[in-house]
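A.B. asks: Before I ask anything, let me first share the structure, which is written out below as structure tokens.
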Amino acid sequence: QIFNQHNAEAPNLEQAFHRMAQMEPNLDHDVSWFLLPSYWAKMVVALTSFLCFANSYDGDFVFDDSEAIINNKDLRAETPLGDLWYHDFWGSKLSSNTSHKSYRPLTVLTFRINYLFAGGFYPVGFHVINIILHCTISVLMVDVFSILLGGLQFSNKGRRLNLAPKSSLLAALLFAVHPVHTECVAGIVGRADLLCALFFLLSFLGYCKAFRENKEGHTFSVFWVLVSVVLGAIAMLCKEQGITILGLNAVFDALVINKINLLELIRKLLYKDKSLENAGLLRKGLLFRITLLMCGGAGILYIRWRIMGTGPPAFTEVDNPASFADSLFVRAINYNYYYSLNAWLLLCPWWLCFDWSMGCIPLIKSVSDWRIIALAALWFCLIGLICQALCSEDSHKRRILTLGLGFLIIPFLPASNLFFRVGFVVAERVIYLPSIGYCILFTYGFSLLSKQAKKKKILAVAVLGILLINVMRCALRSSQWRSEEQLFRSALSVCPLNAKVHYNVGKNLADKGNQSAAIKYYREAVRLNPKYVHAMNNLGNILKERNELHEAEELLSLAVQIQPDFAAAWMNLGIVQNSLRRFEEAEQSYWTAIKHRKKYPDCYYNLGRLYADLNRHIDALNAWRNATVLKPEHSLAWNNMIILLDNTGNLAQAEAVGREALELIPNDHSLMFSLANVLGKSQKYKESEALFLKAIKANPNAASYHGNLAVLYHRWGNLDLAKKHYEVSLKLDPMAPGTKENYNLLRRKLEQLQKKGG
């Protein structure tokens, strides 16, 4: 609600405001809740939201954080800042066919700043920023809810009045402690949703400022409308949902500023009534402001479309199976079932999962499926709310219900599959903004119950209990997001049919060296999804390392048959075929991998090993050189080049390659060791000794380092030092090949010298 008067009538303005407040029902009148001054209310909300997620501050990088942060080259200083505007959220070029087209350059920029100030990939700073952002958003929600629930009014000094302090505090607390927000706050990738929400709310508050009377007495400010559009654009550059604030600003303008009765307007449009101006459509500059919003939104979308390209993102059937269904009926039924699941997560956020795809939610294929009840319940509630929002004679009720439904539905539209296919089934992060609408509807429902209830304190205690349960649930869920092991295992009970959950548990176990347990989960992932090529690839890798080569070959062959462009599986298949001494097939597999991924240094490295086994030395050196060109820090490729040149007697070339490698990777002790061997054979004993000692300092427990240094001293004539390092080498590895024989030779020589000296 807005009220404006000219400055000449300012002395009577406060009385007028009080009269208006009495004329319209006040939501706070029926709400049995705490009444706190604005400052204290915001402090309580900030502290509560902090307590919910504080234990996530020292969590690891988990799940999508690896791709969006650790493996994202856009965070590193060597990547020009300008590239952020042409790359997607994951660091890929937007023009690439493999890009997900998620364009969030401002979010990536904040990650880059985090990385810069932390001096590396230290997750604490990333988590702290997320927690601060959620606390800030929750505090802003006090002001937003005061407008949405109490209306928009200003004092004669231009200060906005809070006509629903109790209701806005309750709604803000509900938002602050909702467990479904955990993914956005505790998962660093959720930064996109948090930044989007921040500028989303600032855009809304900026739009509200447009109706504060200025000194010239104008009823609205074009400047603040334009500021709102700019803030909406910034929100969209953080995450795609941000653009929806422009639509919500238009809805707010129509309902609150112009008090349009939607049902009456629809009737007049249907009957072509010429009195549309009386319906409020053209009053107070509404049409002009909506035109500004529409032009701004269209301009933003056009610029994004030009940057992103015309091609849609490429998703697979496992990401969103319903969108690949042939039947329109099956697609519609399942989309609506997904909506009901999102609604349930808002109502009862107990079963939370990091990923809901890949079999977690089986498709509904017939009307006999009992889950149809969920769809019926959702639409029964929605239709009931929409009817009340349109047909109620109470304008206050119409306004709150329409705004609640608007904030619930409009921000969710980009994730609804209605306009384009999305890459997920259900995602808790996309409910962050729609939860604003849920909080409005919950608070309004609480006020209606309070009005009818005889024992209002019991109702207030019940709501307080819900808040406390949510706080505890947030703390528990935040602790699960602190490590991948806890996060993945927590999903096993929620989505036991999700192949990706079993895959991630298996991968986590494999990374920790527990291969036997990892095999069990990889096998279950493949059983649940027989086309899960990544699970087949990882399982094949483990079986290869355990020398179960034939089963590994079967799995990897099936993986490349299902996905012919799966370069990693082709390379691993080549490794297995090489181990089985089927060299021609192995070579073909390696080249197929390189065909599908041209910049593949590891594949060139393995191809070089194959050529070395076949004594095709020139081909081996060329393959390893390609690996080092693509990845200059590829230590194994450099090492193999040095060793091959050394073994073939090309000492000068081996030395040159070794020096080149150490310039690029100066702290690699294995390179120091290989070059030291070459220098020793070239009789450059002093330089060789220095490199051996440097390598030993970096890795003192390597028996071969001590053994080869002893050989150097043996040749050089420093027999005492040779004896010392032979003994250290044998102590570290009593079975070291050749060391014991060399040590015995040295002892006999020393004994002979002692006899001669005697």
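The values are calculated or read from the model by the stated rules, or taken from the named source; none is laboratory data. All figures in this text were calculated on a predicted structure; none of them were measured in a lab. Please note: Cβ atoms are built from the backbone with ideal geometry, for glycine as well, and neighbour counts cover all protein chains shown. These accessible areas exclude ligands, DNA and RNA; they are computed on the full protein's heavy atoms, side chains included. Shrake-Rupley method; radii C 1.70, N 1.55, O 1.52, S 1.80 Å.
A.B. asks: Which ones in the stretch 733-746 are part of a helix (DSSP H, G or I) and open to solvent by 70 Å² or more (accessible area, probe 1.4 Å)?
C.D. replies: Lys740, Glu741, Leu745
A.B. asks: Sticking with this one: Among the residues of the stretch 527-552, how many are under 22 Å from Pro601 (Cα atoms) and open to solvent by 20 Å² or more (accessible area, probe 1.4 Å)?
C.D. replies: Qualifying residue count, the stretch 527-552: 5.
A.B. asks: Still on this structure: Sort out which residues of the stretch 457-477 are more than 30 Å from Ile188 (Cα to Cα), among the hydrophobic types (A, V, I, L, M, F, W, C) and surrounded by fewer than 18 Cβ atoms within 10 Å (Cβ to Cβ), and write them in order of number.
C.D. replies: Across the stretch 457-477, the qualifying residues are Ile458, Val461, Ala462.
A.B. asks: For Asp720, work out the one condition from (1) open to solvent by 60 Å² or more (accessible area, probe 1.4 Å); (2) at pLDDT below 90; (3) touching a helix residue (DSSP H, G or I) at 6+ places or on another chain (Cβ under 7 Å) it doesn't fulfil.
C.D. replies: With (1) open to solvent by 60 Å² or more (accessible area, probe 1.4 Å); (2) at pLDDT below 90; (3) touching a helix residue (DSSP H, G or I) at 6+ places or on another chain (Cβ under 7 Å) applied to Asp720, the lone miss is (3).
A.B. asks: I'd like to know if the stretch 212-232 contains one or more residues that are of a type in the set (A, V, I, L, M), modelled with pLDDT under 85 and in contact with a Gly (Cβ under 8 Å, 6 or more places away or on another chain).
C.D. replies: no
A.B. asks: Is it the case that some residue within the stretch 285-293 is open to solvent by 10 Å² or more (accessible area, probe 1.4 Å), over 18 Å from Pro411 (Cβ atoms) and at pLDDT below 85?
C.D. replies: Within the stretch 285-293 (the criterion being open to solvent by 10 Å² or more (accessible area, probe 1.4 Å), over 18 Å from Pro411 (Cβ atoms) and at pLDDT below 85), the answer is yes, since at least one residue qualifies.
A.B. asks: Could you tell me which residue of the stretch 55-83 is most open to solvent (accessible area, probe 1.4 Å), considering only residues that are within 29 Å of Arg482 (Cβ to Cβ) and of a type in the set (A, V, I, L, M, F, W, C)?
C.D. replies: Applying the filter and picking the extreme gives Ala77.
A.B. asks: Take the residues of the stretch 398-456 that are in a helix (DSSP H, G or I) and among the aromatic types (Phe, Trp, Tyr): which is surrounded by the most Cβ atoms within 10 Å (Cβ to Cβ)? If you could, list the steps in order and put the result at the bottom.
C.D. replies: Of the residues in the stretch 398-456, the ones in a helix (DSSP H, G or I) are 398-415, 428-431, 435-452, 456.
Next, from what is left, pick out any that are among the aromatic types (Phe, Trp, Tyr): 407, 412, 438, 442, 444, 446.
Values: Phe407: 27, Phe412: 20, Tyr438: 22, Phe442: 20, Tyr444: 22, Phe446: 25.
My answer is Phe407.
A.B. asks: Additional query: Out of all the residues in the stretch 509-552, which are in a loop (DSSP other than H, G, I, E, B) and in contact (Cβ under 8 Å) with a residue 40 or more places away in the chain?
C.D. replies: Kept after step one, since they are in a loop (DSSP other than H, G, I, E, B), are these residues of the stretch 509-552: 512-514, 529-532, 546-548.
Those that are in a loop (DSSP other than H, G, I, E, B) and in contact (Cβ under 8 Å) with a residue 40 or more places away in the chain: Asn529, Lys531, Tyr532.
A.B. asks: Related question: Being modelled with pLDDT under 85 and touching a helix residue (DSSP H, G or I) at 6+ places or on another chain (Cβ under 7 Å) is the filter; apply it to the stretch 94-117 and report the residue that is most open to solvent (accessible area, probe 1.4 Å).
C.D. replies: It comes out as Lys101.
A.B. asks: Also: Out of Asn622, Asn615, Asn640, Asn606, report the one residue that is surrounded by fewer than 21 Cβ atoms within 10 Å (Cβ to Cβ) and part of a helix (DSSP H, G or I).
C.D. replies: Among Asn622, Asn615, Asn640, Asn606, only Asn622 is surrounded by fewer than 21 Cβ atoms within 10 Å (Cβ to Cβ) and part of a helix (DSSP H, G or I).
A.B. asks: Then there is this: Which one of the conditions (1) closer than 21 Å to Leu712 by Cα; (2) surrounded by fewer than 20 Cβ atoms within 10 Å (Cβ to Cβ); (3) of a type in the set (Gly, Ala, Ser) does Ser635 fail to meet, given that it meets all the rest?
C.D. replies: Of everything listed in (1) closer than 21 Å to Leu712 by Cα; (2) surrounded by fewer than 20 Cβ atoms within 10 Å (Cβ to Cβ); (3) of a type in the set (Gly, Ala, Ser), Ser635 misses just condition (1).
A.B. asks: From the set of residues in the stretch 137-172 that are free of Cβ contacts under 8 Å to residues at least 60 places away in the same chain and touching an Asp or Glu at 6+ places or on another chain (Cβ under 8 Å), which is farthest from Phe204 (Cα to Cα)?
C.D. replies: For the stretch 137-172, the residue satisfying everything is Gly158.
A.B. asks: Here is a follow-up. Within the stretch 332-346, can you find the residues that are of a type outside the set (Ser, Thr, Tyr), free of Cβ contacts under 8 Å to residues at least 60 places away in the same chain and open to solvent by 20 Å² or more (accessible area, probe 1.4 Å)?
C.D. replies: Ala332, Ile333, Asn336, Ala343, Trp344
A.B. asks: Within the set of pairs 6+ apart or on separate chains, which have a first residue in the stretch 557-576 that is open to solvent by 10 Å² or more (accessible area, probe 1.4 Å), a second that is among the hydroxyl-bearing types (Ser, Thr, Tyr), and C-beta atoms under 6 Å apart?
C.D. replies: Within 6 Å, the pairs are Trp570/Ser589; Trp570/Thr592.
A.B. asks: Pairs, please: C-beta under 7 Å, at least 6 apart or cross-chain, first residue crowded, with 24+ Cβ neighbours inside 10 Å and in the stretch 478-505, second among the basic types (Lys, Arg)?
C.D. replies: Pairs that qualify, where the first residue is crowded, with 24+ Cβ neighbours inside 10 Å and the partner is among the basic types (Lys, Arg), are Val505/Arg489.
A.B. asks: Write out, first by first residue and then by second, each pair whose Cβ atoms fall under 8 Å of each other, whose residues are 6+ apart or on separate chains, and whose first residue, in the stretch 438-461, is without any contact (Cβ under 8 Å) to a residue 24 or more places away in the chain while the second is of a type in the set (Lys, Arg) and open to solvent by 100 Å² or more (accessible area, probe 1.4 Å).
C.D. replies: Taking only residues 6 or more apart or on different chains, not a single pair turns up.
A.B. asks: When residues of the stretch 138-181 are filtered for being surrounded by 22 or more Cβ atoms within 10 Å (Cβ to Cβ), within 25 Å of Ser395 (Cβ to Cβ) and among the aromatic types (Phe, Trp, Tyr), how many remain?
C.D. replies: Residues flagged as surrounded by 22 or more Cβ atoms within 10 Å (Cβ to Cβ), within 25 Å of Ser395 (Cβ to Cβ) and among the aromatic types (Phe, Trp, Tyr) within the stretch 138-181 amount to 1.
A.B. asks: Mind checking which pairs have a first residue in the stretch 359-372 that is among the charged types (D, E, K, R) and a second that is surrounded by 14 or more Cβ atoms within 10 Å (Cβ to Cβ), Cβ under 7 Å, 6 or more apart or different chains?
C.D. replies: Once the first residue is among the charged types (D, E, K, R) and sits in the stretch 359-372, its partners that are surrounded by 14 or more Cβ atoms within 10 Å (Cβ to Cβ) give Lys365/Val330; Arg371/Tyr337; Arg371/Ile364.
A.B. asks: Quick one: count up the residues across the stretch 1-56 that are at pLDDT 50 or above and not aliphatic (A, V, I, L, M). Spell out the reasoning first.
C.D. replies: We begin by selecting, within the stretch 1-56, every residue at pLDDT 50 or above; these are 24-56.
Next cut, not aliphatic (A, V, I, L, M) only: 24-26, 28-30, 32-34, 37-40, 42, 48-50, 52-53, 55-56.
Summing the residues that are at pLDDT 50 or above and not aliphatic (A, V, I, L, M) in the stretch 1-56 gives 21.
A.B. asks: With the requirement that a residue be in contact with a Cys (Cβ under 9 Å, 6 or more places away or on another chain) and either open to solvent by 30 Å² or more (accessible area, probe 1.4 Å) or not in a loop (DSSP other than H, G, I, E, B) (or both), what does the stretch 357-368 give you?
C.D. replies: Selection gives Gly359 alone.
A.B. asks: I need every pair where a residue in the stretch 297-309 that is open to solvent by less than 100 Å² (accessible area, probe 1.4 Å) has its Cβ under 7 Å from the Cβ of a residue that is polar (S, T, N, Q), sequence separation at least 6 or different chains.
C.D. replies: Taking only residues 6 or more apart or on different chains, the pairs are Gly309/Ser95.
A.B. asks: Another one. Does the stretch 23-31 contain at least one residue that is of a type in the set (Val, Ile, Thr) and touching a Ser or Thr at 6+ places or on another chain (Cβ under 8 Å)?
C.D. replies: So far as the stretch 23-31 goes, yes, one or more of its residues are of a type in the set (Val, Ile, Thr) and touching a Ser or Thr at 6+ places or on another chain (Cβ under 8 Å).
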